[in-house]
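The values are calculated or read from the model by the stated rules, or taken from the named source; none is laboratory data. Note that the structure is predicted; figures quoted are calculated from it, not measured. FYI the Cβ positions are ideal-geometry reconstructions off the backbone, even for glycines, and counts take in every protein chain you see.
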Amino acid sequence: MRTHGWLFLSAILCPLAFVNSAEGFFHKKKEKPPVSEDYYKKLGIERPEKKILGPDFTLEDLSGKRISLKSLRGKVVFLNFWATWCIPCREEMPTMEKLHKEFKNRGLEVVAVNIKEDKKDVRKFVEELGLTFTILLDKSGNTSEEYGAWSIPLSYFINRNGEFVGKVNGYRKWDSQEARALFLGLLNEKP
């Protein structure tokens with residue numbers, strides 16, 4: 001009699017266990033939402049105390065086309081100041097390229113301003129690293145000086161309204177999870 005009781009109980013419980021475990025195969029489990037983190041802090045990005053527009057400038061790219069900062073309104077701009085002799089610049093450029101490739105079609109404009117170097121040297125550097133984002137030439141150094149690029153690499157982040165949202169000095173790994181989340185957040189902000 002006891003054996004029949006166990007068989008009866010097993011006959012009822014086994015199908016229930018199968019139904020419950022099968023739900024995992026047919027229904028996607030809800031994932032916990034990502035923890036809200038301060039990516040500015042994690043990346044050591046300084047935020048401005050108040051909203052101000054980035055000073056406009058117009059510089060030539062490697063093809064001789066003149067590009068102004070104002071012409072990039074409506075996009076999120078990653079503005080970087082650099083030089084070919086700068087080792088940290090060389091190290092971070094490939095991570096900037098990855099970021100550019102991932103987000104260029106979503107409204108990110110990576111702009112790297114070279115400080116006072118020969119166009120031929122800059123072009124060689126760009127080709128060597130396979131960079132496809134916008135490279136501008138600050139032949140006089142005036143724009144770099146206005147932006148305080150005394151120590152490089154120096155990067156500014158500008159929202160779709162043309163306002164500064166952050167500044168960082170020194171190398172960062174721009175294809176990291178934190179950096180990608182930061183840019184994704186900026187790209188998703190409504191102007």
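So the check is Cβ under 9 Å with 6+ separation or different chains; which pairs have a first residue in region 179-191 that's closer than 21 Å to residue 93 by Cβ and a second one that's assigned to a helix (DSSP H, G or I) and among the polar types (S, T, N, Q)? Every condition considered, the pairs that remain are 179/95.
For region 37-89, how many residues meet the condition of being small (Gly, Ala, Ser) and within 17 Å of residue 141 (Cβ to Cβ)?
Filtering region 37-89 down to residues small (Gly, Ala, Ser) leaves 44, 54, 63-64, 68, 71, 74, 83.
From what's left, within 17 Å of residue 141 (Cβ to Cβ): 83.
Within region 37-89, residues that are small (Gly, Ala, Ser) and within 17 Å of residue 141 (Cβ to Cβ) number 1.
Residues of region 78-106 being buried (at least 17 other Cβ atoms within 10 Å of the Cβ) and either charged (D, E, K, R) or closer than 23 Å to residue 161 by Cβ (or both), which ones? 78, 79, 80, 81, 90, 92, 96, 97, 99, 100, 103 - these are the residues of region 78-106 that are buried (at least 17 other Cβ atoms within 10 Å of the Cβ) and either charged (D, E, K, R) or closer than 23 Å to residue 161 by Cβ (or both).
Would you mind listing the strands (runs of 3 or more DSSP E) fully within region 100-191 where at least 1 residues are at pLDDT below 95? Write out each step before concluding.
Numbers: elements: 108-115, 134-138, 154-158, 164-169.
Counting at least 1 such residues, we get 164-169.
So, in region 112-152, of the ones that are touching a residue at least 40 places away in the same chain (Cβ under 8 Å) and of a type in the set (Asp, Glu), which residue ends up surrounded by the most Cβ atoms within 10 Å (Cβ to Cβ)? Among them, the one singled out is 138.
Quick one: which residue in 71, 63 is of a type in the set (Gly, Ala, Ser) and not in a helix (DSSP H, G or I)?
On the way: 71 fails: not in a helix (DSSP H, G or I).
Only one candidate passes the filter, namely 63.
Scanning region 43-72 for residues that are buried (at least 17 other Cβ atoms within 10 Å of the Cβ) and either under 20 Å from the mean Cα position of the chain (by Cα) or without any contact (Cβ under 8 Å) to a residue 24 or more places away in the chain (or both) returns 43, 45, 54, 69, 72. Every listed requirement among (1) farther than 17 Å from residue 72 by Cα; (2) out of contact with any His (no Cβ under 9 Å at 6 or more places or on another chain); (3) not acidic (Asp, Glu) is met by residue 131 save one, (2). The numbered conditions (1) closer than 18 Å to residue 44 by Cβ; (2) free of Cβ contacts under 8 Å to residues at least 24 places away in the same chain are all true for residue 164 except (2).
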